[in-house]
């Protein structure tokens, strides 16, 4: 089993926050802080932090049946989005003062309209993110970010100075650096912390203020580096794919006899592998980071090396034995990569298992059998 | 030939001009094959809404695999190509135009010569790809082919539904971005072909395409007449010259002829069917694998007077002497028909998002009795919001709505018998609704 030591204060706190993710946000809201829910790792949390707002990453619930959202949303839409919206119309996101929806993919492009119509928080903001990486794309996106900042200033009733924005960037850079430091502790064989713990830590940190997250991460790193017993030595896996916002899938993989040592997902390295450069033009820096550095397949990159090279590098650095390609149904940008990516990885000598998921934890038996067979094959 | 076979053969169109579309498209394909034989970088595969004027001004023939997938669907070949793509590992949920295109390309790669049954003789391999980002397959599809062909992707990026398109700061930002991208496209084409852009020629081509857009808008205005002079199946065919051949003399000639014919039919009260009892609005993409569905409704006394897809933009003045800026402006306003009227800022997109205001306008202007909505499984871009539109129509307009699940190209997710059964019930409902109103 990959559980935290009972004495691990940081990891214990992570577990607690993971179980009750909205508790701190609700507490802060009752004290007057405005809480802004956001989708995707393309929403610049730094600007929200700089406006003294609490950025809160919106998730779905893989265990909660979708019972209300399908009244409004077409069933051929991303099930993660449908699940998150289902929670929202059921009142589980009532503590949010607003929501930010970036134009990450075709699924989410008009999604803010549904929030506007049926959830009706005070603030609903669509953020247009280009798909290309040319100078004109960055200029366009920087202007979008300026408008976004202006709208947050209005909501927060206060100006966001460049100095304040740079301070927020520093906080979030520290956050990303700490997550990378924690992730490095998965490099040894066996890794010092499990994939389940890592994902729970990432998720927990996206629900509380960034300074608190950073303190929490320092505590987690201390716990992990000093723990007596980490994981057992097993096959080492990388998981690539669509959204995974619940640790149960990672837990399932680890229960099948593997260690998940690195993830290329939006609740994984995509959200913390690079930093925002510090500059006198913080919006320009944010535009370059959010558009240029986040390796989501929704952004057009020309060559296979540009698109997939980092996965091979992860695989080498973390001494990976195999890769799971995890695609949530209707996630067109991931689904369209799969055949070429599989070939690319196999040519590099990496065994690959492709899983197409409906996002929920249904069909566990079949999934477990396939993962077990894969793990046995690569061991 | 029984009724079903007749459907599969294709719909009966109301205008003679629309019947020419197949021949026009075939000629276009032939010209692309001839250009390909010259081996001088002449054929581009593009996504719909690519500013083809730029390509035409550089003697490049634009081919549209999306449109070709629709043509394959009409010839009952798309599902077979989709299966081929699925066998190669592409998910069954991916856009069926894209899957069919991937399947066709895979077939093409395997053989020296395309088999004779290939719909319309096929489309030639491209010398370049032009993709756009308005939907995910729009920029991933050509990449997924893994062909060693140079590619240019541009951002087809729209303001949110609720934005005021006439906000000067916002308009300038989007138009500048499009304009910069089109400059980049010209540079890409010059590099790939080794030829220089002829700017005077581009202005002339743009003037012609503007005339096509103006006429196609006028045709749609004429379609308000009772009885309906031109039905949805004609429109779905006519969009090919409007959209993919825009800028060519052939498109201009076709559109002029269609305008004259529709004008004549209006003046002489010639309808699509002899006894027009119900006027309908078609919501969503066409089921290209079974266009005969329109004729099935006609047998029940119903004609599709108008549709939500491919509605021509309200013409706007463009300075063709500054063609890239003009194209950028057109792109900014395209597909957002009601909002392109000053003061109409809250009306939303024409085909994207299905705002209630669009339906209100169409239902009123085209004297519509009922709405039929085709919920397409595999296109996120068009289908997200269809359910919301249906609810809004029922709640706010109190108008009968029939909705059915299907797909634009993949016949496997469509039940003809079930859809026809629903159509029968829907017409009975319309009749009852008419009786109550009387």
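Here are a few things to note about the model shown:
Residue-wise test of (1) modelled with pLDDT under 95; (2) under 30 Å from residue B:54 (Cα atoms).
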{"residue": "B:83", "(1), (2)": "no, no"}
{"residue": "B:92", "(1), (2)": "no, no"}
{"residue": "B:113", "(1), (2)": "yes, no"}
{"residue": "B:121", "(1), (2)": "yes, yes"}
{"residue": "B:138", "(1), (2)": "yes, yes"}
{"residue": "B:142", "(1), (2)": "no, yes"}
{"residue": "B:159", "(1), (2)": "yes, yes"}
{"residue": "B:162", "(1), (2)": "yes, no"}
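- Among the residues examined, residue A:365 does not qualify as in a loop (DSSP other than H, G, I, E, B), free of Cβ contacts under 8 Å to residues at least 12 places away in the same chain and more than 21 Å from the chain's Cα centre (by Cα).
- In the range A:307-322 there is no residue that is touching a helix residue (DSSP H, G or I) at 6+ places or on another chain (Cβ under 6 Å), part of a helix (DSSP H, G or I), at the interface with chain B (Cβ under 10 Å from one of its Cβ atoms) and within 19 Å of residue B:140 (Cα to Cα).
- Filter result for residue B:288 (surrounded by 24 or more Cβ atoms within 10 Å (Cβ to Cβ) and modelled with pLDDT of 95 or more): yes
- Residue count, the range B:122-152 (criterion: under 16 Å from residue B:45 (Cβ atoms) and outside any loop (DSSP other than H, G, I, E, B)): 15
- Checking each residue in the range A:273-305 for being within 14 Å of another protein chain (Cβ to nearest Cβ) and either assigned to a loop (DSSP other than H, G, I, E, B) or free of Cβ contacts under 8 Å to residues at least 24 places away in the same chain (or both) picks out A:296, A:297, A:298, A:299, A:300, A:301, A:302, A:303, A:305.
- The lone criterion from (1) assigned to a helix (DSSP H, G or I); (2) buried (at least 20 other Cβ atoms within 10 Å of the Cβ); (3) in contact with a strand residue (DSSP E or B) (Cβ under 7 Å, 6 or more places away or on another chain); (4) within 11 Å of another protein chain (Cβ to nearest Cβ) left unmet by residue A:333 is number (3).
- Qualifying residue in the range A:50-73 (condition: within 29 Å of residue B:132 (Cα to Cα) and at pLDDT below 95): yes
- The set of residues from the range B:142-159 being at the interface with another protein chain (Cβ under 7 Å from one of its Cβ atoms) and over 19 Å from residue B:330 (Cβ atoms) comprises B:144, B:146, B:153.
- Exactly one residue out of B:184, B:194 is out of contact with any strand residue (DSSP E or B) (no Cβ under 8 Å at 6 or more places or on another chain) and either surrounded by fewer than 22 Cβ atoms within 10 Å (Cβ to Cβ) or at pLDDT below 95 (or both): that is B:194.
- If you filter the range A:116-143 down to residues that are assigned to a helix (DSSP H, G or I) and crowded, with 23+ Cβ neighbours inside 10 Å, you find that the one that is nearest to the other protein chains (Cβ to nearest Cβ) is A:140.
- The residue of the range A:338-354 that is surrounded by the most Cβ atoms within 10 Å (Cβ to Cβ), among those that are without any contact (Cβ under 8 Å) to a residue 12 or more places away in the chain and more than 10 Å from chain B (Cβ to nearest Cβ), is A:346.
- Subset of the range B:391-409 that is assigned to a helix (DSSP H, G or I) and facing chain A (nearest Cβ under 10 Å) - its residue that is surrounded by the most Cβ atoms within 10 Å (Cβ to Cβ): B:392
- Count - residues of the range A:165-184 that are surrounded by fewer than 17 Cβ atoms within 10 Å (Cβ to Cβ) and under 15 Å from residue A:209 (Cβ atoms): 2
- Hey, residue B:173 facing chain A (nearest Cβ under 7 Å) and out of contact with any strand residue (DSSP E or B) (no Cβ under 9 Å at 6 or more places or on another chain) or not: yes
- Within the range B:119-139, tally of residues that are facing chain A (nearest Cβ under 7 Å) and in contact with a strand residue (DSSP E or B) (Cβ under 8 Å, 6 or more places away or on another chain): 2
- Residues of the range B:126-156 satisfying the condition of being more than 22 Å from the chain's Cα centre (by Cα) and under 13 Å from residue A:332 (Cβ atoms): B:143, B:144
- Counting only residues that are in a helix (DSSP H, G or I), more than 14 Å from every other protein chain (Cβ to nearest Cβ) and under 16 Å from residue B:45 (Cβ atoms), the range B:101-118 holds 3 of them.
- Note on the range B:359-384: among residues that are assigned to a helix (DSSP H, G or I) and within 14 Å of chain A (Cβ to nearest Cβ), the one that is modelled with the lowest pLDDT is B:383.
- Considered as a group, the residues in the range A:96-109 that are at the interface with chain B (Cβ under 8 Å from one of its Cβ atoms) and touching a helix residue (DSSP H, G or I) at 6+ places or on another chain (Cβ under 9 Å) include one that is farthest from residue A:329 (Cα to Cα), and that residue is A:109.
- One residue alone among B:180, B:190, B:162, B:168 is more than 10 Å from chain A (Cβ to nearest Cβ) and closer than 30 Å to residue A:112 by Cβ, and that residue is B:168.
- Given (1) touching a residue at least 12 places away in the same chain (Cβ under 8 Å); (2) more than 10 Å from chain B (Cβ to nearest Cβ); (3) outside any helix (DSSP H, G or I); (4) farther than 30 Å from residue A:356 by Cα, number of the condition residue A:64 does not satisfy: (4)
The values are calculated or read from the model by the stated rules, or taken from the named source; none is laboratory data. Being a predicted model, the structure only gives us computed values, none of them experimental. Every residue, glycine as well, gets a Cβ built from its backbone with ideal geometry; the counts of neighbours run over all protein chains shown.
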